[in-house]
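Nothing in this text is a laboratory measurement; each read-out follows from the coordinates by a stated rule. As the structure is a computational prediction, the values presented were derived from the model and not from experiment. With ideal geometry, Cβ positions are generated from the backbone for all residues, glycine too; neighbour counts draw on all protein chains shown.
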2 protein chains.
Amino acid sequence: MELLFLGTGAGVPAKERNVSSVALQLLGERGATWLFDCGEATQHQILHTAIRPRRIEHIFITHLHGDHLFGLPGLLGSRSFQSGETPLTVFGPSGLRAFVETALAVSGTKLRYELNIVEIDEGVIFDDDRFTVIAKRLDHGMTSYGFRVVEKDLPGPLLVERLQALGVRPGPIYQEIKQGKTVVLADGTVLDGREFVGPPQKGRIVAVLGDTRFCEAAIELARDADVIVHEATFAAAEQRLAHDYFHSTATDAAEVARRAGAKRLILTHISSRYQGAAALQLVAEARSVFPNTELAADFASFSIPRG
Amino acid sequence: MELLFLGTGAGVPAKERNVSSVALQLLGERGATWLFDCGEATQHQILHTAIRPRRIEHIFITHLHGDHLFGLPGLLGSRSFQSGETPLTVFGPSGLRAFVETALAVSGTKLRYELNIVEIDEGVIFDDDRFTVIAKRLDHGMTSYGFRVVEKDLPGPLLVERLQALGVRPGPIYQEIKQGKTVVLADGTVLDGREFVGPPQKGRIVAVLGDTRFCEAAIELARDADVIVHEATFAAAEQRLAHDYFHSTATDAAEVARRAGAKRLILTHISSRYQGAAALQLVAEARSVFPNTELAADFASFSIPRG
Ligand SMILES: [Zn+2]
Ligand SMILES: [Zn+2]
């Protein structure tokens, strides 16, 4: 599990930072890549990474501002051109369908794969045996969502050596023991499966938030998260500007991470007014509130270890 | 007058060539830039050039395939963000308005300038005292236009030395003479204005064509042109493929230039199957038919001198 940033700027593309997109690489977990936002030229950025468009399974659009959206039609078309054949689902606010369908229709783009467009509301928007994704509305003037990706806990590993020490040989009985059932061996011995299973592996939690002012919903989405990705369009001195434009300062982001009890904060959506070293000021401000803060950059990757 | 190529690839972006866009720089002629096509990340390419988005006066979209269109909403928005305030007109096939209006509406993009969208048909689509633009349908499966940009002839310069040799002094009378009128001086001398004006300066003709098979309309648009910009998606050996996908080979492009009596041919829209030196094969094939052929590259510029 790894976050790979594709665009970390705000509003308009700049040489240093492209507009918003970040990939959650779930190659080990499900052989898939999930994208959050898809600003213009996201597919161009992908050309410089190991991401394979045909592996992209879900795209979550936080909100419909152009710098988070306008790369979507091109990416959808190129995924088809590059032999993507598995289904793809795009989640996002109301209006997403009209935009995508109009773009594909006028351009005569025919996809070779099944495209699902899901206009979401708050709540669980995706759930399978490995992951749950929860959406909540933030505070950005236009509808903007944050996403909480929850990896389900994995059952503990079977303590094979302990079974072998008792002379229990591999077979279908191992499955039952692993599920924690009580089993009776051929010689009458009764085993409590729970004694032969290690502790469950805790699933990871990643919160990726759209543009927003400081808000309670962000804190709820990031509760106990391993990582929270939060916008920091402005420095603390521009609190007024941040508020007026429905954005956050670096300090706002840090305050969200702190109150949520998150483990780690990554700042993104950095205004081009903070170029090069000037962006380090944002990190410094955030760290004074939440020490484990890092700054995203285009093509920076952050692996998310278990536990 | 100069052509500056921003994207010269076909279909999908590649590291070497972005999707289609070319700028006709008319800074000396009208302080403006005209764009032809606006594939995704055209605004990103512009960041690496001297083009100022606020100077873009007209955008001509040849056809609505995504690789010629999907950069338009982002560019329109960024032009506003970067203080573009003068009107901008976008010309293109039917469907252009639905695409642009949907993209701007769902993204909440408010432009600070007047945007005119003109869904065109064949014929004169623009005309003022300096330029005429003529559109014609090509042969690309979907509606695809070629554009013939005609600079109007400039009246010849006033032969001031000849007038001064006769003792005619500067004044309002110079304007009348320059217009070729017959004037009577204070001493009764009659002057035929036409004798005091040099030969008119011939306007230039630039033909920029959308994707197409070899077709008569392309020849008509390029008649006696100073420059023709023509797609060459394939090499001659792939004539069959070119035909099936409604594209041209380099030889097709050269044949158009030759029959049109054009002065110079620039090949663009090069498939990524011809990378690096392989693209030179396309030029060689075209030159065997039309010697004055050049190959476009992203950021290559070609100045177009008078006469
Ligand atoms: Zn936004
Ligand atoms: Zn095309």
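Results, tabulated for the structure shown:
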item	result
Other protein chain Cβ atoms within 10 Å, averaged over every residue that makes up B:71-79	5
Where labels lie 7 Å past Cα in the beta-carbon direction, separation of A:A105 and B:D139 in nm	3.1 nm
Partner chain coverage, peptide A:267-278 - average Cβ within 10 angstrom	0
Coarse-grained scattering of region B:216-307 at q = 0.11, 0.12, 0.13, 0.26 Å⁻¹, given as base-10 log I(q)/I(0) from a Debye sum over alpha-carbon atoms	-0.27, -0.33, -0.38, -1.39
Calculated label separations, A:D187, copies of the chain, 7 Å along the beta-carbon direction, nm	13.9
Neighbour count of at most 13 Cβ within 10 Å plus DSSP loop: longest GluC sites (Glu not before Pro)-free window in chain A	A:123-307
For A:V118, residues with placed amide H under 5 Å, excluding near neighbours	A:V90, A:F91, A:G92
Residue-wise HN-Hα coupling along region B:121-131, computed from phi with Karplus coefficients 6.51, -1.76, 1.60 (Hz; x: Gly, Pro)	10, 5, x, 6, 9, 8, 7, 9, 6, 10, 9
Cut-off under 5 Å, modelled amide H: who pairs with B:Q201 long-range	B:L154, B:G156
Amide H contacts under 5 Å for A:I125, placed H, 5+ residues apart	A:V133, A:I134, A:A135
Centre separation in Å (Cα based) which lies between region A:158-202 and region B:219-249	72 Å
Under the Debye formula (equal points on every Cα, no solvent term), log10 I(q)/I(0) of region B:29-144 at q = 0.14, 0.15, 0.22 Å⁻¹	-0.57, -0.66, -1.40
Using alpha carbons only: equivalent-ellipsoid semi-axes of the protein assembly as shown, gyration tensor based, whole Å	61, 29, 18
Calculated label separations, A:Q175, copies of the chain, 7 Å along the beta-carbon direction, nm	9.8
Cα-centre dipole for the protein assembly as shown with unit charges at Cβ (Lys and Arg positive, Asp and Glu negative), debye to 20	800 debye
Highest-first arrangement of B:58-67, B:184-193, where packing means the average Cβ count within 10 Å	B:58-67, B:184-193
Most to least packed among B:245-251, B:68-74, A:239-245 [average Cβ atoms within 10 Å]	B:68-74, B:245-251, A:239-245
Candidates per trypsin sites (Lys or Arg not before Pro) in region B:15-115, loop by DSSP, up to 15 other Cβ within 10 Å	B:K15, B:K110, B:R112
Quotient of Cα Rg and 2.2 N^0.38 Å for chain A, N being how many residues it contains	1.14
Taking all pairs of distinct alpha-carbon atoms in region A:1-86, Kirkwood radius in angstrom	12.7 Å
B:D129, B:D252, B:D153 arranged by Cβ crowding within 10 Å, fewest neighbours leading	B:D129, B:D153, B:D252
19 Å Cα-Cα threshold exceeded, pairs from B:K152/B:K202; B:K152/B:K178; A:K136/A:K202; B:K181/B:K202; A:K202/A:K263	A:K136/A:K202; B:K181/B:K202
For B:Y113, label point 7 Å along C-beta direction: distances to other copies, nm	3.8
Linear extension gain, B:V118 paired with B:E195, 0.36 nm per residue minus alpha-carbon span	23.3 nm
Backbone HN-Hα couplings from phi across region B:46-53 [Karplus 6.51/-1.76/1.60, Hz, Gly and Pro as x]	4, 4, 9, 10, 8, 5, 9, x
Spin-label pair B:S83/B:Q164, simplified geometry with 7 Å Cα→Cβ offset, distance in nm	4.2 nm
Relative contact order (%) - criterion: Cα under 8 Å, at least six apart; region: chain A	16 percent
Interatomic Cα distance distribution for region B:24-64, bins of 10 angstrom, percent	28, 57, 14, 0
Local electrostatic count at B:V184 - Lys and Arg +1, Asp and Glu -1, tallied over other residues with Cβ under 12 Å	-2
Shielding score for B:103-113, defined as the mean number of other chain Cβ atoms within 10 Å	5
Per-residue HN-Hα couplings for region B:136-143 [Karplus 6.51, -1.76, 1.60; θ = phi - 60°; Hz; x = Gly/Pro]	9, 6, 9, 10, 9, x, 8, 4
